[in-house]
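Right, one structure below, let's go through it.
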Amino acid sequence: MAQGSALGGDDGVETVEMDLGGDAGPRSLRMALAASATADAQALARWQAYDLEHGLPRLPASQAGHWTPQQLSLDRLQAFSVKKGCYPGQEIVARTHFLGQAKRGLALLESDAALAAGTDVMAGAVPLGKLVAGSDADGRHVALAVLPLEREAQPMSAGDAALRELPLRDGLRR
């Protein structure tokens, strides 16, 4: 097992690269020492868009603490447990799981304009939900929104942007 300075890359920079690809296609994570790593904003935006397309919300600070795991559809990723643990909100999470049913969940939305977390999703003049995370990568604008699970198909907008709903991809589903 390589450790510390035994890690190396072809470019002389100490790195570790992990293959995180699967059914959803190729995807790798390369980690390097902070002093030698350069930030690639477009690569980070593509990574975030990939996560959003697969239903993995990366919430900005403005959205943290506003949503239950069920509303963020984290059950499809098996990202929380209702049988063990003690964490803030655990009682509500377990109660929703065992006694009720979540009425809201994630929807993947796309637009021709940038989409900002915290923006209301509207169906005509009626608020339908809220954008919780968004990404702008390679000219594409995608976002996740918490919306009612049972709703009629109708035109939606966020601010002045018309929205198109896309299916969540299954590559990260467990």
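Below is a table of values for the structure above.
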read-out	value
Of all residues making up segment 79-105, the number that are modelled with pLDDT of 70 or more and either buried (at least 16 other Cβ atoms within 10 Å of the Cβ) or under 23 Å from residue 130 (Cα atoms) (or both)	8
Top-ranked residue of segment 133-174 - restricted to ones that are more than 24 Å from residue 101 (Cα to Cα) and either part of a loop (DSSP other than H, G, I, E, B) or among the β-branched types (Val, Ile, Thr) (or both), ranked as least open to solvent (accessible area, probe 1.4 Å)	142
Output for segment 122-140, where each listed residue is touching a Leu at 6+ places or on another chain (Cβ under 7 Å) and closer than 20 Å to residue 61 by Cα	129, 131, 132, 133, 134, 135
Subset of segment 106-132 (residues that are assigned to a loop (DSSP other than H, G, I, E, B) and either on the phi > 0 side of the Ramachandran plot or open to solvent by less than 20 Å² (accessible area, probe 1.4 Å) (or both))	115, 118, 124
Pairs with Cβ under 8 Å, 6+ apart, first in segment 40-63 and open to solvent by 70 Å² or more (accessible area, probe 1.4 Å), second assigned to a helix (DSSP H, G or I)	58/48; 58/51; 58/52
Pairs, first touching a residue at least 12 places away in the same chain (Cβ under 8 Å) in segment 147-159, second in a loop (DSSP other than H, G, I, E, B) and open to solvent by 70 Å² or more (accessible area, probe 1.4 Å), C-beta under 7 Å, six or more apart	148/103; 149/103
Leading residue by the ranking (modelled with the highest pLDDT) among those in segment 30-39 that are open to solvent by less than 80 Å² (accessible area, probe 1.4 Å) and either under 17 Å from the mean Cα position of the chain (by Cα) or more than 21 Å from residue 137 (Cβ to Cβ) (or both)	32
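The values are calculated or read from the model by the stated rules, or taken from the named source; none is laboratory data. Because the structure is predicted, anything quoted here is derived from the model rather than measured. Here the Cβ is made from the backbone with ideal geometry for all residues, glycine too, and neighbour counts use every protein chain on show. Ligands, DNA and RNA are excluded from the accessible area calculation, which covers all protein heavy atoms including side chains. Shrake-Rupley method; radii C 1.70, N 1.55, O 1.52, S 1.80 Å.
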